[in-house]
Amino acid sequence: MHNIHRTHQKFCDYILAFKGLTPRTIKGYKEVFRYFIKACPVNEVKEVTQFMIEDWLMEGKLEKDWSAKTIRNRLLALRSFFKWCTERGMIEKDPTEYIPKPKLPKSLPKSLSLSDAEKLLDWTKHMKYYYKSERTRAIAIIATFLYTGIRLDELYSLKYKNVDLEHKVLLVVSGKGQKDRKIPINSSLSLILQKYISERNKRGVHCPYFFVSLRADAKMSRNVVKRLVLKLRERTGIYFYAHMLRHTFATLMLEGGCNLYTLSKLMGHSDIKTTTIYLATTTAHLHEEICKHPLY
């Protein structure tokens, strides 16, 4: 007999130790498991059936309006668990094996125009803040997103020692897929980060993380970026979210003439096919190519 709660915890411990998945991914697996068990209370792994999972996913779609992406992610989270159980002989058959993954709509990544990106930076520099050092940190946050394209989790995890202004390089350690990558720091971002570091040093901060709390020698709270984004949306009238700034970086880099291979390295993509989606968000390269038409 295999208690499903204890077994799922063992599964999470296993993938953390041997698969190199991030704590955030494992947290997501645990949340999906809790949602499923709450809707379909069972005690043993073998009690879960294909129909039970299908009914749960269909109910989510019809009654809670889950998107195709949500259904796909939740199905894959359960599939990883039950496949692991099957491989260890806990159950004879994976109940998710024959449940089809829903097709995802092919939507283009949303990004800001160059003028909106400039407006966002300008507002970040000039709007009012409660604390004096809050301004330099806010500018550094938005600029780091726009000039490097790093992910939100990567920004929160960025260490002070990994921002090398002398050699103008930012090192992302154990990004998505546990990959490290180096991103060059241009002169505009270098000046912004230097101001932030000067403010940080005046306070005698020793926290190993780059972005720190304004009131304590500690890592910056995960709510800081959320609050900053909401404040900037209200002030500028520009709708955006943190990940959209990553898309904006990619689009602006392509418009500026960056090649796909280089961009894929800067973005930390394991497959260049992931990077090609950004070609559809800009027409700059199309205008260059159309000029090669013999009748031009």
Practice problem: State, to one decimal in nm, how far the label point of K30 lies from the label point of N223, with both points 7 Å from Cα in the Cβ direction. | Solution: 2.1
Self-check item: Gyration tensor (alpha-carbon) shape descriptor, the range 4-87, a/c threshold 1.5
Solution: oblate
Exercise. Write down the Å³ per residue value for the convex hull defined by the alpha carbon atoms of the range 134-247.
Key: 104
Practice problem: Describe numerically, in nm with one decimal, the distance between label points set 7 Å from Cα along Cα→Cβ at Y241 and at E97. | Solution: 3.6
Practice problem: Consider the candidate values (i) 65, 61, 36; (ii) 66, 47, 39; (iii) 83, 52, 28; state which one is Cα extents along the principal axes in Å computed from the structure displayed. | Solution: (i)
Self-check item: Counted charge near D122, where neighbours are those whose Cβ lies closer than 11 Å (Asp, Glu -1; Lys, Arg +1)
Solution: +1
Quiz item: In the neighborhood of D94, defined by Cβ-to-Cβ distances under 15 Å, what is the net charge if each Lys or Arg adds +1 and each Asp or Glu adds -1?
Solution: +1
Practice problem: Count charges around S111 for me, please; just the other residues with Cβ under 12 Å from its Cβ, Lys/Arg as +1, Asp/Glu as -1. | Solution: 0
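Quick note: the coordinates plus some simple rules give every number you see, no bench work behind them. Model, not experiment: these values are computed from the prediction. Methodologically, a virtual Cβ is constructed for each residue, glycine included, from the backbone with ideal geometry; neighbour enumeration extends over all protein chains shown.
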